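A short reminder: the numbers here are calculations on the coordinates, not readings from a lab. Keep in mind that this is a model prediction, so the values were computed, not measured. No Cβ is skipped: glycine too gets one built from the backbone with ideal geometry, and neighbour counts run over all protein chains shown.
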Amino acid sequence: VGLDPERLHFSWISSSEAGKFAEVATEVIEEVRKVGPIAKLVKGSAEVV
Amino acid sequence: MIEYGDTIRKIAKKILEEKKVDLIIGYKKGTLPLMTEPVLIRDAEKADQLHWDSFCNMNLANYLPKREEKIGIIAKGCDSRNIAVHIVENQIKREQLYIVGVPCKGMIDRRKIISFVDGKEVREVIESGGDIIVKGAGFEHTLKKSDYLQDNCITCMHKNPVIHDAIAGDLVEERKDPDSYDDVKEIEGMGSEEKWKFFSNLIKNCTRCYACRNACPLCYCPTCFVDESDPQWVGKSIDPTDTMTFHILRAYHCAGRCTDCGACQQACPVDINVRLFTRKLNKDVLDLYNHEAGLSVEERPPLDTFRPDDYDKFIR
């Protein structure tokens, strides 16, 4: 539907894999940081008609 | 197609009289032409109310989840697949059901007729064979039914019911060449920005009435995520962000389960082709897992199974 592919990540992490979770989360953050602030699906204030 | 009516009424009467079922879920003639209504019948004498024509486009599987009675239900090909989905998802038991299958020759899209008559009031529709006669004040047209079918009926591969206990007519020939998904491929060819614009434009008239959700047999959660207030997953306004969130999530909840029955699109009061969201998922599930929803009551749907040795690298 046109979501930025860089912002969408999938992984399979068990509740016992704390290390892996931290690793994947850091990776995701780095990727998302690279693409900068989001423009889609940001809710501004309501339009006044 | 219209000729199925007598058989349906006969079967319905018989199974109610023999107490094989407590009630029948079927269609009755609508108060307006081009429309039918769902009806629940418990009394054999009222079985005459049951009606069949090419406007029985609602998916009656919608009325099954969590019912306790023995139920007779009228089912076209797509409806029978949704009944199978309900059975697989434990929403109803096979033993509870007496399925009156209808070999479907396609449903008529009332909007195509309304647009043909330029929005003039249609007062009567008569079906005979492959023709439909549309009458109104000062006009009468004989149209070929095949030119006015719902889009999903044109590409339908499963016209005959996949499960049934009785059948309302001879089986019809199935379409041989698979759905080309040209509409989906066109969108797949767009870039991320273009897709976003396309879908934002597609849903710009959405009033968030949730008719698409309500018409869909797959949407049976006791509380839908859009109605939750604590936490509130999505705002209640028609802010484009909220509307897009609703449409994306509605579609994803149907992944690997949708039979493309078209009930959502037909229910939309502002004529949004919401199937464009779900069809992409249907295509993906077919390409990736070679699965079409509701063809069997034994097979688990692809999204509720997994393999520890999955070769895809995102699971690492």
Scan of region B:203-212 for residues that are within 19 Å of the chain's Cα centre (by Cα) and either facing chain A (nearest Cβ under 7 Å) or within 17 Å of A:L41 (Cα to Cα) (or both), ordered by number:
none
Name the pairs whose Cβ atoms lie under 8 Å apart, with the first residue in region B:188-202 and under 14 Å from A:P5 (Cβ atoms) and facing chain A (nearest Cβ under 7 Å), the second aliphatic (A, V, I, L, M) and part of a helix (DSSP H, G or I), and 6 or more positions between them or separate chains?
B:K195/B:I187
Can you give me the number of residues within region B:137-180 that are touching a Lys or Arg at 6+ places or on another chain (Cβ under 6 Å) and either of a type in the set (A, V, I, L, M) or free of Cβ contacts under 8 Å to residues at least 12 places away in the same chain (or both)?
3
Only one of (1) under 22 Å from B:A215 (Cβ atoms); (2) without any contact (Cβ under 8 Å) to a residue 60 or more places away in the chain is not met by B:D43, so which one is it?
(1)
If I go through region B:42-77 residue by residue, how many of them are touching a Phe, Trp or Tyr at 6+ places or on another chain (Cβ under 6 Å), surrounded by 21 or more Cβ atoms within 10 Å (Cβ to Cβ) and farther than 18 Å from B:I2 by Cβ?
1
Restricting the search to region B:27-49, which residues are within 28 Å of B:L149 (Cβ to Cβ) and in a helix (DSSP H, G or I)?
B:Q49
Name the residues in region B:134-175 that are within 25 Å of B:E121 (Cα to Cα) and polar (S, T, N, Q), would you?
B:T142, B:S146, B:Q150
Consider B:V88 against the criteria (1) surrounded by fewer than 20 Cβ atoms within 10 Å (Cβ to Cβ); (2) over 19 Å from B:H164 (Cα atoms); (3) β-branched (V, I, T): it satisfies all of them except one. Which criterion is unmet?
(2)
Over region A:1-34, the set of residues aliphatic (A, V, I, L, M), surrounded by 13 or more Cβ atoms within 10 Å (Cβ to Cβ) and either more than 9 Å from chain B (Cβ to nearest Cβ) or touching a residue at least 12 places away in the same chain (Cβ under 8 Å) (or both) is A:L3, A:I13, A:V24, A:A25, A:V28, A:V32
Could you grab me the full set of residues in region B:273-293 that are touching a residue at least 60 places away in the same chain (Cβ under 8 Å) and in contact with a Pro (Cβ under 9 Å, 6 or more places away or on another chain)?
B:A293
The correct count of residues that are in a helix (DSSP H, G or I), crowded, with 18+ Cβ neighbours inside 10 Å, in contact (Cβ under 8 Å) with a residue 60 or more places away in the chain and not small (G, A, S) in region B:3-26 is 4
